[in-house]
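Heads up: the structure comes next, in structure tokens.
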Amino acid sequence: MKIVISLGGSVIVPDEINKKFLERFAKLARELHKKHQIAIVTGGGRTARKYIEPAREFGASEVFCDLIGISATRLNARLLSAAIGPEANMEPPKDHLDALKALDFEKIAVMGGTEPGHSTDAVAALFAEYMRADLFINVSDVDGIYDKDPRKNKDAKRQEKMQVDDLVDMIKNKSVGAGKYELIDILAVKVIQRSKIKTIFLSEDLDNMKNAIEGKKFVGTLIESGE
């Protein structure tokens, strides 16, 4: 099976670097690599925001801020590659073609952002489409998609299943500024929509993630294509 994982920066660097999580995630990635073709795209997290926010205050353009964010995502990709070890590429691919080459060399492809205007979720979704992935997993600090922000609303309800068209409607008016992708950006969802990629949103619970990959019961949100 071909699997692409978008690993949110909020999980890698929630405040400081989550070293214990990276160690455990790397172990899972190596385990999955024995049976599956794995690609991982890392977000920038707090590291990106720490640089983007003052840069924006200095008057930097959103493209400039995006470039800062991309640097942060690639820094996180290098860190994850170090945690995984020789099974992963050491230098983050700069584009999807280079990432595909890493897979051709039977590596776990680990990459960050690629170009301004694309969140790492979009990069991951595009790569899932490019490599014809069987499964796209979006990992964040929230255990799925809710009808409203669960961090602000105690009565928020998690959606176990959701039509991709409804997801498009939910996020099409969200902010797309550098470092501001709150759930997933519109480009990523549009790619999921057109490619009908099996997509799951879940949290950093690795046992739960493994269950989702193995087709077992899991906590999260399954995105359905409508077919």
I need the full set of residues from region 65-88 which are buried (at least 22 other Cβ atoms within 10 Å of the Cβ) and not in a helix (DSSP H, G or I), in order please. Ala88
Of all residues being among the hydrophobic types (A, V, I, L, M, F, W, C) and surrounded by fewer than 22 Cβ atoms within 10 Å (Cβ to Cβ) in region 27-64, which is farthest from the chain's Cα centre (by Cα)? Just the residue, please. Phe58
So which residues in region 103-144 are among the β-branched types (Val, Ile, Thr), buried (at least 24 other Cβ atoms within 10 Å of the Cβ) and within 19 Å of Arg194 (Cα to Cα)? Thr120, Val123
Which condition breaks for Ser140 when tested against (1) of a type in the set (Ser, Thr, Tyr); (2) touching a Phe, Trp or Tyr at 6+ places or on another chain (Cβ under 6 Å); (3) within 25 Å of Asn211 (Cβ to Cβ)? (2)
Failed condition for Glu106, given (1) touching a residue at least 12 places away in the same chain (Cβ under 8 Å); (2) within 18 Å of Leu80 (Cα to Cα); (3) of a type in the set (Asp, Glu), with all others met? (1)
Give the residues of region 1-13 that are surrounded by fewer than 20 Cβ atoms within 10 Å (Cβ to Cβ) and touching a Lys or Arg at 6+ places or on another chain (Cβ under 7 Å), sorted by residue number. Lys2
Restricting attention to region 27-55, report how many residues are touching a Pro at 6+ places or on another chain (Cβ under 9 Å) and free of Cβ contacts under 8 Å to residues at least 60 places away in the same chain. 2
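Where a number appears in this text, it was derived from the coordinates with a stated rule and is not lab data. Values in this document were obtained by computation on a predicted structure and should not be read as measured data. Note that we place each Cβ from the backbone using ideal geometry, even for glycine, and neighbour counts take in every protein chain shown.
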